[in-house]
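*Asks:* Below you'll find the structure I mean.
Every number in this text was worked out from the coordinates using simple rules, so none of it is lab data. The shown structure was predicted, so the numbers you read here are calculated from the model rather than taken from an experiment. Ideal geometry is used to build each Cβ from the backbone, glycine not excepted, and the neighbour counts take in all protein chains shown.
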Amino acid sequence: MHAGGGALFIQLMHVGRMPHPGNIAHHRQPAGPPAISAEQEMPTATGPQKTPVPRELSIDDIQATIADFRHAAASAIAAGADGAEIHGANGYLLHQFLSPNANHRTDAHGGSVENRSRFAVEVARTAAEEIGADRTGIRISPRLPARGDRRG
């Protein structure tokens with residue numbers, strides 16, 4: 001690919017509240033900005049199941065997740081990629097933080113647009129610090145509501 005002039009960016013993502021425990025190792029409960037279910041049907045080994053109410057991410061969980069994105073960006077480069085694209089669209093975790101229908105937090109990560117954007121900005125900033133801004137991209141959704149609850 002490089003010999004042909006191509007570049008490889010690895011997409012980094014976290015599904016947040018979207019999975020079903022039946023599809024997760026050790027059947028762990030999903031985690032999201034607050035404890036609001038996406039109310040989506042997910043295919044599982046036993047047939048379609050509704051996504052459950054996720055565990056709300058604590059401030060420590062948020063900081064650990066930002067560190068995980070940093071590590072993932074570094075790992076992409078170490079594996080030979082030219083860069084990393086952070087997935088902030090399609091109802092996954094970064095999109096969930098951005099969306100008023102999925103993010104009902106009342107702390108520094110909820111409420112205003114600036115607060116709801118804080119997580120995505122921190123993820124992008126730490127990835128760019130780790131691998132360089134010229135190697136860091138972010139994908140965002142043109143629609144604001146994240147999948148599920150359409151009240152926002």
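*Asks:* Over the range 10-140, what is the relative contact order in whole percent, taking alpha-carbon pairs under 8 Å and six or more residues apart? Before the final figure, lay out the partial values.
*Replies:* Values: 235 pairs, mean separation 35.3, N = 131.
Relative contact order comes out at 27 percent.
*Asks:* State to the nearest 20 debye the size of the charge dipole of the chain about its Cα centre, where the only charges are +1 on K and R beta carbons and -1 on D and E beta carbons. If you can, show how the numbers build up before the last one.
*Replies:* Numbers: 15 positive and 15 negative charges, 97 e Å.
For the chain, the charge dipole is close to 460 debye.
*Asks:* Spelling out what I want: for every residue of the range 44-50, take phi, set θ = phi - 60°, compute 6.51 cos²θ - 1.76 cosθ + 1.60 (Karplus), and round to whole Hz; glycine and proline get x.
*Replies:* Once rounded to whole Hz, the list reads 9, 4, 9, x, x, 9, 6.
*Asks:* Another question about this same structure. What list do you get for 26, 2, 71 if you sort them by fewest beta carbons within 10 Å?
*Replies:* 26, 2, 71
*Asks:* Would you mind telling me the antiparallel percentage of the DSSP bridges in the range 10-140, rounded to 5? Intermediate results must be reported in sequence, preceding the final value.
*Replies:* Working: 2 of 12 bridges.
Given both bridge residues lie in the range 10-140, the antiparallel proportion sits at roughly 15 percent.
*Asks:* Now, a different point. Quick one: helix 113-131 against the long Cα principal axis of the chain, what's the angle to the nearest 10°, folded into 0 to 90?
*Replies:* So the inclination is approximately 30 degrees.
*Asks:* Scale the Cα Rg of the range 4-74 by the rule-of-thumb value 2.2 N^0.38 Å and send over the ratio, two decimals. Present the calculation step by step, with values, prior to reporting the outcome.
*Replies:* Working: Rg = 15.0 Å, N = 71, 2.2 N^0.38 = 11.1 Å.
Compared with the compact-globule rule of thumb, the range 4-74 sits at 1.35.
*Asks:* Sticking with this one: Using the reciprocal of the averaged 1/r over all distinct C-alpha pairs, how large is the Kirkwood radius of the chain in Å?
*Replies:* Kirkwood radius, the chain: 16.1 Å.
*Asks:* Near residue 136, within a Cβ-to-Cβ distance under 10 Å, what is the net charge of the other residues, with Lys and Arg +1 and Asp and Glu -1?
*Replies:* Details: positive: 125, 135; negative: 85, 129, 130, 134.
So the environment of residue 136 carries a net charge of -2.
*Asks:* Right, here's the next one. Taking amide H positions as placed 1.01 Å from N in the peptide plane, with prolines and chain starts having none, which residues 5 or more places from residue 99, or on another chain, fall under 5 Å of its amide H?
*Replies:* Here the answer is none, since no amide H 5 or more places off falls under 5 Å of that of residue 99.
*Asks:* Could you please rank 51, 126, 44, placing first whichever residue has the fewest other Cβ atoms within 10 Å of its Cβ? Write out the running numbers ahead of the final one.
*Replies:* Details: 51 21, 126 18, 44 13.
By the 10 Å Cβ count, ascending, the order reads 44, 126, 51.
*Asks:* What ranking of 131, 138, 59 emerges when the number of other C-beta atoms within 10 Å of each C-beta is taken as an exposure proxy, fewest first?
*Replies:* On the way: 131 21, 138 18, 59 10.
Neighbour counts put them in this order, fewest first: 59, 138, 131.
*Asks:* Can I ask one more? Applying the Karplus parametrisation 6.51 cos²θ - 1.76 cosθ + 1.60 with θ = phi - 60° to the phi angles of the range 27-39, what ³J(HN,Hα) value in whole Hz is obtained for each residue in order, glycine and proline being reported as x?
*Replies:* Coupling constants for the range 27-39: 6, 6, 6, x, 10, x, x, x, 7, 10, 5, 6, 6 Hz.
*Asks:* Quick one: which residues, 5+ away or cross-chain, put their amide H under 5 Å from the amide H of residue 49? H built at 1.01 Å from N.
*Replies:* 42, 44
*Asks:* Quick one: which residues, 5 or more positions from residue 11 or on another chain, have an amide H under 5 Å from its amide H? H modelled 1.01 Å from N in the peptide plane, none for Pro or chain starts.
*Replies:* 85
*Asks:* Principal axes first, then extents: for the Cα atoms of the range 73-114, list largest minus smallest coordinate on each axis, whole Å, largest first.
*Replies:* 40, 21, 12
*Asks:* Would you mind checking the tilt of helix 59-78 against the longest principal axis of the Cα atoms of the chain, expressed as 0 to 90 degrees and rounded to 10?
*Replies:* Roughly 30 degrees between the two axes.
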